[in-house]
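The values are calculated or read from the model by the stated rules, or taken from the named source; none is laboratory data. Values in this document were obtained by computation on a predicted structure and should not be read as measured data. Here Cβ is always computed from backbone atoms with ideal geometry, including for glycine, and neighbour counts include all displayed protein chains. Remember, those area values only see protein heavy atoms, side chains included, never the ligands or the DNA or RNA. Shrake-Rupley method; radii C 1.70, N 1.55, O 1.52, S 1.80 Å.
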Amino acid sequence: MEKMNRRKFIKAGALGLAGISVLQSGMAGVHFALPYEGTVDKVALGNSGLTASRIAMGSGSKGGNKSSNQTRIGMDNFKRLALHAYERGIRFYDTADSYGSIPYVGESIKTLPRKELTLLTKMWTHDDGSNNVESVEDNITRYLKEFGTDYIDILLMHCMMSGDWATKRTHYMEGFAKAKKAGKVRAVGVSCHDIGALREAAVNPWVDVIMARINPFQTLMDGTPDEIKEILGRAKANGKGVIGMKIFGEGKNVSDEEREQSIRFALTEANIHCMTLGLESVEQMDDAIERVMRK
């Protein structure tokens, strides 16, 4: 019997995982490019001092209430997908507390070299004075335990939906800054779901990293592609690390032509450093990597 090395083991497990996940995501009829052996490169995230792989493994497709499409495939399948990502050069794992995905990534990376990885998570926040305001320190302590690490590379305030977030979230901003000073967090910032919030993020000196919705189809975006590109260009000029999300419109733009157009736009026009992709199978992952790395 042939001894199976780690790469073969992951690829063998991936065959079953690919079929399961493609069916779950409603993409059974979608054609994917054949896998190739290239790996993802790394990029600098503005002036944050961080580098990250050009693609992040997203974990929040249809996410909320502590679950997502990625966690719903189960721990074993999630681990196979995360390890396959690592095999293909993806060293960037994008999570959020509201997705319930931090423990899944934590379990998946136990055997991987921590210094090679970029771990991002997002904390849900509330206006100062709200009865729902939580302890930033307690949440970060829990995230570190769930990741199984002593620092988080990027911590974002999740889903900013108003341009006045910087005046209404001072409790969280101060807590994030304190954790950064203590070395528990390396970079801080926001994910944006509003054009006003994005404009503020582009110029606010507290922000190291921005996550923004961007694709050529204006699907689930906060403005036109040209409007968002202009704001992100300003953010980059101000030294912010910029991560694109909703590159495929959260699964709404996934024909072969649309995926090709989306990747080309992300790499050549969108004013982002890298992108997070909510991939749900090895087949989807290999297809995306092939498209990104031949551009």
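Note on Thr51 and Glu107: the extension gain reaches 17.9 nm, defined as 0.36 nm multiplied by sequence separation minus the Cα-Cα distance.
To the nearest 10 degrees, how steeply does helix 170-181 sit against the main Cα axis of the chain, on a 0 to 90 scale? Tilt relative to the chain: about 60 degrees. The HN-Hα couplings worked out from phi for segment 137-154 by the Karplus form 6.51 cos²θ - 1.76 cosθ + 1.60 (θ = phi - 60°) are 4, 5, 5, 4, 4, 5, 4, 4, 5, 5, 6, x, 9, 10, 7, 10, 5, 9 Hz, whole numbers, x standing for Gly and Pro.
Each part gets one Cα centre, and for segment 78-126 versus segment 200-243 those centres are 23 Å apart. Rounded to the nearest Hz, the phi-derived 3J(HN,Hα) couplings of segment 278-295 under the Karplus curve 6.51 cos²θ - 1.76 cosθ + 1.60 (θ = phi - 60°) are x, 7, 10, 7, 4, 4, 4, 5, 5, 4, 5, 4, 4, 5, 5, 7, 9, 7, where x marks glycine and proline. Take the Cα of Asn65, step 7 Å toward its Cβ, do the same at Asp127, and the gap between the two points is 2.6 nm.
Which pairs, out of Lys181/Lys229; Lys66/Lys115; Lys79/Lys240; Lys110/Lys168; Lys115/Lys229; Lys42/Lys252, put more than 29 Å between their alpha-carbon atoms? Can you show the working numbers first?
Numbers: Lys181/Lys229 32 Å; Lys66/Lys115 27 Å; Lys79/Lys240 31 Å; Lys110/Lys168 37 Å; Lys115/Lys229 32 Å; Lys42/Lys252 27 Å.
The answer is Lys181/Lys229; Lys79/Lys240; Lys110/Lys168; Lys115/Lys229.
Roughly how big is segment 174-295's charge dipole about its Cα centre, with Cβ charges of +1 (Lys, Arg) and -1 (Asp, Glu), in debye to the nearest 20? Numbers along the way, then the final one.
Values: 18 positive and 19 negative charges, 169 e Å.
For this selection, approximately 820 debye.
Of the options (1) 16.4; (2) 18.2; (3) 14.6, only one is mean projected area of the Cα convex hull in nm² as computed from these coordinates, and that is (3).
Order of 101-111, 126-136, 241-251, 182-192 by packing, highest average Cβ count within 10 Å first?
On the way: 101-111: 19.8, 126-136: 12.4, 241-251: 23.5, 182-192: 21.8.
Descending mean neighbour count gives 241-251, 182-192, 101-111, 126-136.
Computed about its Cα centre, the charge dipole of the chain is approximately 860 debye, with only Lys, Arg, Asp and Glu carrying charge at their Cβ. Spin-label model, Glu174 to Thr268: label points 7 Å out along the Cα-to-beta-carbon direction sit 4.9 nm apart. Annotation: amide H of Phe92 within the under-5 Å range of Ser53, Met57, Thr118, sequence separation 5 or more or interchain, hydrogens built in the peptide plane. Ligands, DNA and RNA left out, the accessible area of the chain computed with a 1.4 Å probe is 50% carbon and sulfur.
When ligands, DNA and RNA are left out and all protein chains stay put, how many square angstrom of accessible area per residue does the chain have with a 1.4 Å probe? Walk me through the intermediate numbers first.
On the way: 12580 Å² over 295 residues.
It amounts to 43 Å² per residue over the chain.
Where does helix 75-87 land angle-wise versus the long Cα axis of the chain, in degrees 0 to 90, nearest 10? Long axis of 75-87 versus the principal axis of the chain: about 90 degrees.
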